[in-house]
Amino acid sequence: MSIVKSHRLSFSEREALILEAAGQLFAEKGFVGTTTRAIALESGVNEALLFRHFKNKVELYNALLKRKLETFDALIAPELRKTLELPVPEGLLKVAQIIVEKHRENIWFLRVMLFAALESHDLGQEFFKQRLPLVEFLVEFFDKKISDGELKTLDSAVLSRAYIAMIHHYVLITQVFNAKDHFPLPETAMLEQFVLIFTRGVQP
């Protein structure tokens, strides 16, 4: 069903509707499988009007990335920053819970990224040309904990990517593949185990 508004939309309101429709369709049908005509229909505007906002689908895709970063900075970053003052295990658990929950609220974005990577080498790389605020935050987190003597001195950039990999794997299996039974424990217990393995390792 197309998104319809009864009042006359401002330029920014119309643009938001177009981006919302594009995100939904990219997530369902992929970048290649989605036409600008379908996006226009879903957002309740004509195609000519859509092209006044975005010249093509690549511009739409890049605008979605930009909006995701803006959302992160406005809504997610403040939650993450509260974890800087927590001990390492509690902080990492809270970070994991935030990541999982935010993906659950907006799983379409991960689906868009996966479709883009599979369909286009260039689009797959485009995301990693942007600022990666989650990586930036975790580098800051690990730098602080190393400086405070809570962690041994290791490369914080490597630590951040390793931790994200664990949590994103969990998100991928449970939310994209919907294979929740793949993991042997309930979500909180599973995330606690990830933190334990990450912070203490597996040796006795």
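Among the residues of region 92-107, is there at least one that is assigned to a helix (DSSP H, G or I), of a type in the set (Asp, Glu) and modelled with pLDDT of 90 or more?
Keep residues of region 92-107 that are assigned to a helix (DSSP H, G or I), which gives 92-105, 107.
This time we only want the ones that are of a type in the set (Asp, Glu), so: 101, 105.
Filter once more, so that each one left must be modelled with pLDDT of 90 or more: 101, 105.
Within region 92-107 (the criterion being assigned to a helix (DSSP H, G or I), of a type in the set (Asp, Glu) and modelled with pLDDT of 90 or more), the answer is yes, since at least one residue qualifies.
Select from region 81-113 the residues that are farther than 15 Å from THR188 by Cβ and under 14 Å from the mean Cα position of the chain (by Cα) and list them in ascending order. Answer for region 81-113, where residues must be farther than 15 Å from THR188 by Cβ and under 14 Å from the mean Cα position of the chain (by Cα): LYS102, HIS103, GLU105, ASN106, ILE107, TRP108, PHE109, LEU110, ARG111, VAL112, MET113. The residues of region 175-204 that are assigned to a helix (DSSP H, G or I), free of Cβ contacts under 8 Å to residues at least 12 places away in the same chain and polar (S, T, N, Q) amount to a single one, GLN193. Would you pick out the residues in region 64-91 that are buried (at least 17 other Cβ atoms within 10 Å of the Cβ) and at pLDDT below 95? Across region 64-91, the qualifying residues are LEU64, LEU65, LYS68, PHE72, ILE76.
Would you point out the residue of region 151-163, among those that are over 25 Å from ASN106 (Cα atoms) and assigned to a helix (DSSP H, G or I), that is least open to solvent (accessible area, probe 1.4 Å)?
Of the residues in region 151-163, the ones over 25 Å from ASN106 (Cα atoms) are 151-159.
From the residues that got through so far, the ones that are assigned to a helix (DSSP H, G or I) too are 156-159.
Numbers: SER156: 14, ALA157: 36, VAL158: 91, LEU159: 29 Å².
Going through the qualifying residues, I end up with SER156.
When SER120 is tested against (1) within 14 Å of the chain's Cα centre (by Cα); (2) small (Gly, Ala, Ser); (3) under 22 Å from LEU19 (Cβ atoms), exactly one condition is not met: (1).
For (1) surrounded by 14 or more Cβ atoms within 10 Å (Cβ to Cβ); (2) closer than 19 Å to GLY91 by Cα; (3) under 16 Å from the mean Cα position of the chain (by Cα); (4) at pLDDT below 95, each residue gets a yes or a no:
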| position | (1), (2), (3), (4) |
| --- | --- |
| ALA165 | no, yes, yes, no |
| VAL171 | yes, yes, yes, no |
| THR174 | yes, no, yes, no |
| ALA179 | no, no, no, no |
| GLU192 | yes, yes, no, no |
| LEU196 | yes, yes, no, no |
| GLN203 | no, no, no, yes |
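Scanning region 123-150 for residues that are loosely packed, with under 13 Cβ neighbours inside 10 Å and not in a helix (DSSP H, G or I) yields GLN130, ARG131, ASP148, GLY149. Whenever a residue of region 142-167 is more than 20 Å from ILE98 (Cα to Cα) and among the basic types (Lys, Arg), it has no partner that is outside any helix (DSSP H, G or I) and open to solvent by 30 Å² or more (accessible area, probe 1.4 Å) lying with C-beta atoms less than 9 angstrom away and at least six residues away or across chains.
Of note, LYS94 satisfies the criterion of being in contact with a helix residue (DSSP H, G or I) (Cβ under 6 Å, 6 or more places away or on another chain) and either within 23 Å of GLY30 (Cα to Cα) or without any contact (Cβ under 8 Å) to a residue 40 or more places away in the chain (or both).
The values are calculated or read from the model by the stated rules, or taken from the named source; none is laboratory data. Source: prediction; values computed, not measured. Because the Cβ atoms are built from the backbone with ideal geometry, glycine has one as well, and the counts that use them run over all protein chains shown. With ligands, DNA and RNA removed, areas are computed over all heavy atoms of the protein, side chains included. Shrake-Rupley method; radii C 1.70, N 1.55, O 1.52, S 1.80 Å.
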